[in-house]
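Novice: Quick one: this structure, given as structure tokens, is what I'll be asking you about.
No value in this document is a laboratory result; all are computed from the given coordinates. This one's a predicted model, so the numbers in the text were calculated from it and none came from an experiment. Don't worry about glycine lacking a Cβ; one is built from the backbone with ideal geometry, like all the others, and counts go over all protein chains shown.
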Amino acid sequence: MAVASSNSLLTKEFLALNGIIFLVFCNVAVFFQFQNYLQETLHFPSQSLGFLIGIFAFTALFVRPLISPLLHSDNARKWLFLSTLGVILALLGYYPARDFWSMTLVRVLHGGTYVVLATAALTKMMEFIPEKRSGQAFGLITVITLLPYAVMPPLLEPLIRGFGGFLPVLFFTAGLMVLIFPLVLMLRGGGKGEQGKTSQRIKGRELLENLKDKRIVALLLISLLVYTAFAPVFFFLKGHALKIGIANPGWFFTLSTLTEIAVRLFGGTLLDKGSKSQSLVYSLGGLIFCYVLMANASGEVLFYSLGLGFGICWGVVMPLLNGLIFDTSQPRLRALNTNLAMVMFQGGFFLGPLLGGWILPDGNYPMLYYVCGVMILGALGLMPLVHENSSKSGVRGSENLYPQDE
């Protein structure tokens, strides 16, 4: 029997891996004030800040597709250990990094070891997600990835004061990373049966066959469009809000993040009922409506209400995309495709700011959010490929792709 064939989701292994993911994202969220450190402490020129901040994500974007086919359930534990050690060394490496090139080297090392750690954790996670609970599972996982961004930024200022600077906080974070080691020891070896087949390296022929599956390609492109449209809200909403007279736009993110967490915690089981693809169509339609309203927002009531609206839609769309990719993939390719979906996330956070840079020289925020709405419309236009190929496979929805496991 496969490790994940039981209907139990909250196993000690699933919880241990979520603890690892929480710590991984804490070590990223702690860089909320990295710009201030570079500018005010190290006195880097403003034109170098964007590169030094962005090279971390670019490294992760480059490395993840290279390593994803090489990681599987049998070697994931080894790479969890090694990459955790690498992350700790990278965090300590910020102390001697005082000039542009040494800081670039540390950022590349940090981004590379971080993405190996995150990829290995997701790869191992595939063993412990039951067939019919992928929506709930990814709902919980995405809550865990959101929590560090809700917890760390408000704690950072008192931590910096208490520890006496930004670098000591990074050293403290390196100490937290040590907690990953006992969590890794809680993970048992690879399973047997269908999921156990993932304990072999993905071959080139299998990778090509996987990318010929229109459902997988469509879902990855939808993910890229969703995250590319998400990034301009994250990076450019403050300028839009100030332009329309909103005094404290930060409350938008408080409302949207809390709503996302609530949807995923309390609605997680509903994500696995009915058709995931139909639910995704409805929630993408809701996102289009939100972007159109954002382009025309002019008052606080509508602006903050959109925080709730976006939070509901994002809270449904993102775990549904991951759940559909999980359900649609062959069992031994689930880890690979889940990590490819993370490439789309990082690609969106690279393309979204570029999009804003092209559109916003004249401060045309409504146009930016209309374009985001058009991208979601494009994502909606790809959904027939998911439906079409599901029907050709003899199923009515992604939940029934593996009837032999029922």
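Novice: Which whole-Hz couplings ³J(HN,Hα) result when phi for each residue of the stretch 102-116 is put into the Karplus expression 6.51 cos²θ - 1.76 cosθ + 1.60, θ = phi - 60°, listed in order with x for Gly and Pro?
Specialist: Result, rounded to whole Hz: 5, 5, 4, 4, 5, 5, 5, 4, 5, x, x, 5, 4, 6, 5.
Novice: Something else about it: At 222 nm, what value in deg cm²/dmol follows for the chain if DSSP H runs of at least 4 each add -39500 (n - 2.57) and the sum is divided by all its residues, to the nearest 500? Could the numbers behind the result be given before it?
Specialist: Details: 15 runs with 294 residues, N = 406.
That calculation yields -25000 deg cm²/dmol at 222 nm.
Novice: Still on this structure, I have one more. Using each residue's phi in the stretch 249-257, evaluate 6.51 cos²θ - 1.76 cosθ + 1.60 at θ = phi - 60° and report the 3J(HN,Hα) Karplus result to the nearest Hz, with x for Gly and Pro.
Specialist: After applying 6.51 cos²θ - 1.76 cosθ + 1.60, I find x, x, 5, 4, 6, 4, 5, 5, 5 Hz.
Novice: May I pose another question? Find the eigenvalues of the gyration tensor of the Cα atoms of the stretch 8-201, then list the square roots of 5 times those eigenvalues as equivalent ellipsoid semi-axes, largest first, in whole angstrom. All intermediate terms of the calculation are to be shown ahead of the outcome.
Specialist: Values: eigenvalues 206, 64, 39 Å².
Computed over the stretch 8-201, the values are 32, 18, 14 Å.
Novice: In addition: About the Cα centre of the chain, what is the dipole size in debye to 20, counting +1 per Lys and Arg Cβ and -1 per Asp and Glu Cβ, all else neutral? It would help to have the intermediate numbers written out before the result.
Specialist: Values: 28 positive and 20 negative charges, 150 e Å.
With only Lys, Arg, Asp and Glu charged at Cβ, the dipole is about 720 debye.
Novice: While we're here: With unit charges on the beta carbon (Lys/Arg positive, Asp/Glu negative), name the residue among 103, 147, 76 whose Cα is farthest towards the positive pole of the charge dipole of the stretch 26-156.
Specialist: Selected residue: 76.
Novice: OK, next. When the distances between all Cα atoms of the stretch 208-395 are binned every 5 Å from zero, what whole-number percent does each bin get?
Specialist: 1, 8, 16, 20, 20, 15, 10, 6, 3, 1, 0
Novice: Rounding to the nearest 20 debye, state how big the charge dipole of the stretch 8-201 is about its Cα centre with +1 on each Lys and Arg Cβ and -1 on each Asp and Glu Cβ. Working shown, then result.
Specialist: Details: 14 positive and 8 negative charges, 104 e Å.
The calculated dipole for the stretch 8-201 is roughly 500 debye.
Novice: Which order do the peptides 207-215, 75-83, 377-385 take when ranked by the mean count of other beta-carbon atoms within 10 Å per residue, highest first?
Specialist: Working: 207-215: 14.6, 75-83: 19.1, 377-385: 16.6.
With the highest mean Cβ count within 10 Å placed first, the list reads 75-83, 377-385, 207-215.
Novice: Here is a follow-up. Mind telling me which of 110, 72, 43 comes out most flexible in a GNM of the chain, alpha-carbon contacts under 10 Å?
Specialist: With Cα springs under 10 Å in the chain, the top fluctuation among 110, 72, 43 is at 43.
Novice: Another one. Would you mind classifying the chain by shape? Square roots of the alpha carbon gyration tensor eigenvalues, ordered a ≥ b ≥ c; an a/c under 1.5 is rounded, otherwise it is prolate if a/b is larger than b/c and oblate if not. Display every interim value, and only then the final one.
Specialist: Numbers: a/c = 1.73, a/b = 1.13, b/c = 1.53.
Oblate, because a/c is 1.5 or more while a/b does not exceed b/c.
Novice: If you don't mind, there's one more thing I want to ask. Nearest 0.05, what FRET efficiency do residue 208 and residue 377 give at R0 = 45 Å with Cβ-Cβ as r? Working shown, then result.
Specialist: On the way: r = 30 Å, r/R0 = 0.67.
Result of the calculation: an efficiency of 0.90.
Novice: Provide the per-residue ³J(HN,Hα) series for the stretch 367-375, in order, calculated from phi with Karplus coefficients 6.51, -1.76, 1.60 and θ = phi - 60°, each as a whole number of Hz, with x at glycine and proline positions.
Specialist: Result, rounded to whole Hz: 4, 4, 6, 5, 4, 4, x, 5, 5.
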